[in-house]
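Trainee: Quick one: the structure is below, questions incoming.
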Protein chains: 2
Amino acid sequence: MTSTAPRRGRRPGAPDTRAAILVAARELFAASGFAGTTIRAVAAAAGVDAALVHHYFGTKDDLFLAALEVRVDPRVVLAPVADGGVDGAGERLLRVFLSVWDDEDTRLPLLGIFRGIVEPTGAQLARDGFMRMVLGPLAAALGIDEPEQRMALVASQLVGIVVLRYIVQVEPLASMPGDRLVATYAPTLQRYLDGPLQ
Amino acid sequence: MTSTAPRRGRRPGAPDTRAAILVAARELFAASGFAGTTIRAVAAAAGVDAALVHHYFGTKDDLFLAALEVRVDPRVVLAPVADGGVDGAGERLLRVFLSVWDDEDTRLPLLGIFRGIVEPTGAQLARDGFMRMVLGPLAAALGIDEPEQRMALVASQLVGIVVLRYIVQVEPLASMPGDRLVATYAPTLQRYLDGPLQ
DNA sequence: GGAGTTATTCACCATATGTTGAATTATGCT
DNA sequence: AGCATAATTCAACATATGGTGAATAACTCC
């Protein structure tokens, strides 16, 4: 019988093990958060020794940061939302939101970021930063009044969708087609953006 | 100088150390979740040796369950919401929601439960159970159509409020007076309960 | 084909964590 | 006063974890 156990030393061929580790890290951080993910679990998921994770990505914090890298520039993605003015901005925002969250490649890092924000582990900077970097500019571009409050309302609805649709995966929200979801939530977001505040 | 270090053995007086441990556990689980909370941290917060935590509450899972005990019966609290029928149910639901979440005694266990649901650690039963125990009966009492979907919409907004107001504590939501919050969100919930679905 | 570089694993280390059992002190009952 | 019981800490164990350094194997380039 031929031994299938991984021998020591470099493997034959040109496997992109670094990428495999990154994929595994994204999935685990997205599923279990920072504290709940161990380097050894990442290594096991990538079929690799734990030391190799350190070899490629230094400390665990570094790996977390690398796994959280989103290849989406919020300003670019949000531009079409802001361009059309306030009218219909709720619906356009929802479409952009879904295009990013329904794509697994972007969802996994975003889930990691979300878990990082919800966890208490030194994500203080993310807490403020997210508002200021994503929703703040959008509010400015839309030129709405009381931007902090309106954006907090918008965020509260979007965050709820994230939790129920992507984390807890409550039906029928988890399987609802994007168009239907947009149609359902657009009036809410639109009211938060330009409706009466109370 | 008199030694203030805790000597060995039973302490004089009748301190309710068990209760102190439970309070500390509630706060830490609420703030840091299950994985992020260590028995030693709970013990330190209660000014007690770690072994005493085990003495009173067995394993860490047992302590978690004990800390999550909510002294609120959902059926009792939700009764007035359901009694008035669908009209104004959104506003009444929000008032009950705030009365429970703005009270620290009930908020801490609820935060623990929430973190348990969001964390992946075997909270599968909580995921379904919460819907079926809290929102399901409410939907039945209100006699609305498509209860699963409407309740998921309601939950998505309420969960978003929990995250922004009580966990991340985003202003101005975190400090917003209850009345204002009710007035702001009531139309949304009411539409989810009896408005058109798309 | 030999030298250097890179990829990969193994064997450890220090620390943290959940948990247990014995030892010590106070309280309560008789 | 004396004894059982409860409360509390100490010491320790087994395990898991993040991290490091050396050893081994494959690849690259001359």
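The values are calculated or read from the model by the stated rules, or taken from the named source; none is laboratory data. None of the values given here were measured: they were computed from a predicted structure. Backbone-built Cβ (ideal geometry, glycine too); neighbour counts: all protein chains shown. SASA here: full protein model, heavy atoms, side chains in, ligands and nucleic acids out. Shrake-Rupley method; radii C 1.70, N 1.55, O 1.52, S 1.80 Å.
Trainee: Can you tell me the FRET efficiency between A:Arg71 and A:Arg7 if r is taken as the Cβ-Cβ distance and R0 is 25 Å, rounded to the nearest 0.05? Could you put the intermediate results ahead of the total?
Mentor: Working: r = 35 Å, r/R0 = 1.40.
Once the sixth-power term is evaluated, E becomes 0.10.
Trainee: While we're here: Considering the rotational relationship between chains B and A, which residue of chain B contributes the beta-carbon of minimal distance to the axis, and what is that distance to the nearest Å?
Mentor: Per the Cβ-to-axis criterion, the result reads B:Gly160, 2.
Trainee: Report, in deg cm²/dmol and to the nearest 500, the calculated mean residue ellipticity at 222 nm for the protein assembly as shown, where each DSSP H run with n ≥ 4 adds -39500 (n - 2.57) and the sum is divided by the residue count.
Mentor: Details: 22 runs with 246 residues, N = 396.
So the calculated ellipticity at 222 nm is -19000 deg cm²/dmol.
Trainee: Next question, about the same structure. Within a 10 angstrom radius of each residue's Cβ in A:29-36, how many Cβ atoms of other chains show up on average? Whole number is fine.
Mentor: Numbers: counts 0, 1, 2, 4, 8, 2, 7, 7.
That average works out to 4.
Trainee: Report the A-B buried area as the accessible area lost on both sides summed, probe 1.4 Å, in Å² to the nearest 100. Walk me through the numbers before you get to the answer.
Mentor: Details: alone 11640 and 11640 Å², together 20090 Å².
The A and B chains share an interface burying roughly 3200 Å².
Trainee: If you fit an axis through the alpha-carbon atoms of helix B:17-32 and take the longest principal axis of the Cα set of chain B, what angle between them do you get, 0 to 90°, nearest 10?
Mentor: 50 degrees
Trainee: When you look at the Cβ of every residue in A:167-176, what mean number of other chain Cβ atoms sits within 10 Å?
Mentor: Working: counts 6, 12, 1, 11, 4, 5, 6, 1, 0, 2.
Per-residue shielding by partner chains comes out at 5.
Trainee: Counting partner chain Cβ atoms within 10 Å of every residue's Cβ in B:109-119, what's the average?
Mentor: On the way: counts 0, 0, 0, 0, 0, 2, 4, 0, 3, 8, 9.
Per-residue shielding by partner chains comes out at 2.
Trainee: Please list, short to long, the whole-number percent of alpha-carbon pairs of the stretch A:59-109 in consecutive 5 angstrom bins beginning at zero.
Mentor: Answer for the stretch A:59-109: a P(r) of 4, 19, 23, 19, 13, 10, 6, 4, 1, 0 percent.
Trainee: Right, something else. Could you give the spread of the C-alpha atoms of the stretch A:15-70 along their three principal axes, from largest to smallest, in whole angstroms?
Mentor: Principal-axis extents of the Cα atoms in the stretch A:15-70, largest first: 26, 20, 17 Å.
Trainee: For B:Asp83 paired with B:Thr38, estimate the spin-label separation in nm (one decimal), with each label point 7 Å from Cα along the Cα-to-Cβ line.
Mentor: Simple spin-label model gives 5.0 nm for this pair.
Trainee: In chain A, what percent of the accessible surface is made up of carbon and sulfur (1.4 Å probe, ligands and nucleic acids excluded)?
Mentor: Details: 5680 of 10040 Å².
The computed percentage sits at 57.
Trainee: Let me ask another. Using R₀ = 25 Å, calculate the FRET efficiency as 1/(1 + (r/R₀)^6) where r is the Cβ-Cβ separation of B:Asp61 and A:Asp61; round to 0.05. Intermediate results must be reported in sequence, preceding the final value.
Mentor: Working: r = 29 Å, r/R0 = 1.14.
For B:Asp61 and A:Asp61, the calculated efficiency is 0.30.
Trainee: While we're on this one: Distance from the Cα centre of the stretch A:29-84 to that of the stretch B:33-61, in angstrom?
Mentor: Their Cα centres are 31 Å away from one another.
Trainee: Taking every pair of Cα atoms in chain B, average 1/r, invert it to obtain the Kirkwood radius, and report Rg/Rh to two decimals.
Mentor: Working: Rg = 20.1 Å, Rh = 18.8 Å.
In chain B, Rg relative to Rh is 1.07.
Trainee: May I ask for the Kirkwood hydrodynamic radius of the protein assembly as shown, worked out over all distinct Cα pairs and given in angstroms to one decimal? Working shown, then result.
Mentor: On the way: mean 1/r = 0.0431 Å⁻¹.
Radius from the Kirkwood sum: 23.2 Å.
Trainee: How much accessible area per residue does chain A have, in Å², with a 1.4 Å probe? The partial results should precede the final answer.
Mentor: Numbers: 10040 Å² over 198 residues.
With the other protein chains kept in place, chain A gives 51 Å² per residue.
Trainee: OK, next. Ordered by packing density, taken as the mean number of other Cβ atoms within 10 Å over each peptide's residues, highest first, how do A:186-195, A:35-44 rank?
Mentor: A:186-195, A:35-44
Trainee: Between copies, how far apart are the A:Arg8 label points? List them in nm, one decimal, shortest first, with each point 7 Å from Cα toward Cβ, please?
Mentor: Taking the point 7 Å beyond Cα along Cα→Cβ, the inter-copy spacings are 4.8 nm.
Trainee: Using only Cα atoms, find the angle between the long axis of helix B:89-101 and the longest principal axis of chain B, and express it within 0 to 90 degrees, rounded to the nearest 10.
Mentor: Helix B:89-101 and the main axis of chain B meet at about 10 degrees.
Trainee: Just need the relative contact order of the stretch A:39-198 here, percent rounded to a whole number, with Cα pairs under 8 Å and 6+ apart.
Mentor: On the way: 112 pairs, mean separation 41.1, N = 160.
It comes to 26 percent, rounded to a whole number.
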